[in-house]
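The values are calculated or read from the model by the stated rules, or taken from the named source; none is laboratory data. Being a predicted model, the structure only gives us computed values, none of them experimental. Cβ atoms come from the backbone with ideal geometry, glycine included; neighbour counts cover every protein chain shown. Side chains are part of the model used for accessible areas, which takes the heavy atoms of the whole protein and leaves out ligands, DNA and RNA. Shrake-Rupley method; radii C 1.70, N 1.55, O 1.52, S 1.80 Å.
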Amino acid sequence: MLLPALLTDNYGFLRGVTSLGINYGQIGNNLPQPEKVLDLLSSLKLTKARIYDTNPQVLTAFANSNVELIVTVENQMLAVLMDPQQALQWVSNHIKPYFPATRITGIAVGNEVFTDSDTTLLASVVPAIVSIHGALAQLGLDTYIQVSTPNSLAVLAESYPPSAGSFKTEVSGIMSQYLQFLSSTKAPFWINAYPYFAYKDKPDEVPLDYVLFNPNAGMVDPYTKLHYDNMLYAQVDAVLFAIARMGFGGIEVGVSETGWPSKGDADEVGAIVDNAAAYNKNILRRQLKNEGTPLRPNMKLEVYLFALFNEDMKPGPTSERNYGLFQPDCTMVYNVGISALSSPSSTSTASISLTSSATKVKT
């Protein structure tokens, strides 16, 4: 049985208190300048962000701040960066000039590569990850910057119940190589997990309160007897079981993206402001408690919300342009219990801190 090993693989301790992260996407023609974004993050006491490139404007603006950044290698660069010399040049140009003034803590090599429609990417991802890590080591940066790649939940063949978690057979060979890398470097396995999609696809079968973290009866995994009161934690534990099935223990699983759209098309059931506010507010509450999942209750789950802003140039259905907590003018789309004051550049503190070290939340 996998359960005893999963519960005891080096995680019998409480992680240090850290803040909720936020995804700072930039697919919009009306977004604020990076300096304004930093002011907004500072006013919210947010100290972790992820961007989807290595935009020099952002990296420069975030210098000498307390915001830790995960940057991203775009998918189309993976084939080139398989070459160690190209990877060294990339790190020398895109990372080294900004570090350590800008607190780059992670490099996401591609995004959802394992499930991308371009299957040629799959052969490139692990060699590119290894080359980039090698380049960081050559420059003496590998102890400061972790290398990983965020995966879609679609990388799983089974996710319910969580103890049935397993990876799709078509990715298992390369997944094994990837997990070996994570195991040896202690980098996290990142998952983009959206309970919203499960609800949208089957609103008659999936209880809304279960996906929103609202009070509900939840579900009990029939094999582990662990109780789940929300879908996100069940999804994370399914990934942990899938990793264990591949023979690996001690790898941290973090949520690189999760969120809920505040608006959608007619066929996008549940994409409304009230649900988005409830989902993100409830995640914030859980993060303030330093919670782990039922499988790893003593290990705080790292979560990066998607997204900071509504991005008006994102393709796809209406929901894609409406995941933001904030409008491009830095006003709130809805209140999740955080409120930057009217001027993002104000030195006053926000009415509620997003850091989970907060011992008292103002009302």
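So what's the back-of-envelope 222 nm ellipticity for the chain, counting only DSSP H runs of four-plus at -39500 (n - 2.57) apiece and dividing by all residues, rounded to 500? That comes out to -9000 deg cm²/dmol. Take every DSSP beta bridge whose two residues both sit in the chain, then give the antiparallel share in percent to the nearest 5. Antiparallel bridges make up about 20 percent of those DSSP assigns within the chain. The simple spin-label model puts a point 7 Å past each Cα toward its Cβ; for D209 and N298 those points are separated by 3.2 nm. Across the accessible surface of region 59-150, with the other protein chains kept in place and a 1.4 Å probe, carbon and sulfur atoms take up 51 percent.
So, R0 is 41 Å and r is the distance between the beta-carbons of R285 and I27; what FRET efficiency does that work out to, to 0.05?
Numbers: r = 29 Å, r/R0 = 0.71.
With a Förster radius of 41 Å, E is 0.90.
Under the classification rounded if a/c is under 1.5, otherwise prolate if a/b is larger than b/c and oblate if not, where does the chain fall, given a ≥ b ≥ c as square roots of the Cα gyration tensor eigenvalues? Mind showing how you got there, number by number?
Numbers: a/c = 1.39, a/b = 1.01, b/c = 1.38.
Rounded is the answer for the chain, as its axis ratio a/c remains below 1.5.
Determine, from the Cβ-Cβ distance of A137 and V220 and an R0 of 41 Å, the FRET efficiency 1/(1 + (r/R0)^6), rounded to the nearest 0.05. Intermediate results must be reported in sequence, preceding the final value.
On the way: r = 45 Å, r/R0 = 1.09.
Calculated transfer efficiency: 0.35.
When the C-alpha to C-alpha distance is required to be over 30 Å, the pairs from K186/K263; K168/K200; K45/K168; K225/K314; K168/K225; K202/K263 that qualify are K186/K263; K45/K168; K225/K314. Just to be sure I understand the curve: with the Debye formula and one point per C-alpha of region 73-183, what is log10 I(q)/I(0) at q = 0.11, 0.20, 0.21 Å⁻¹? The calculated log intensity ratios at q = 0.11, 0.20, 0.21 Å⁻¹ are -0.37, -1.02, -1.10.
With each label modelled as a point 7 angstrom along the Cα→C-beta vector, the D267-D83 pair spans 4.4 nm.
Counting 0.36 nm for each residue step from F197 to A123 and taking away their Cα separation leaves a gain of 23.8 nm.
In the context of the full set of protein chains, residues of region 247-338 present 33 Å² of accessible surface per residue (probe radius 1.4 Å, heavy atoms only). Of the solvent-accessible surface of region 217-263, computed with a 1.4 Å probe over protein heavy atoms with every protein chain present, carbon and sulfur atoms account for 54 percent.
Note on S92/T169: beta-carbon distance plugged into 1/(1 + (r/R0)^6) with R0 of 25 Å gives a FRET efficiency of 0.05.
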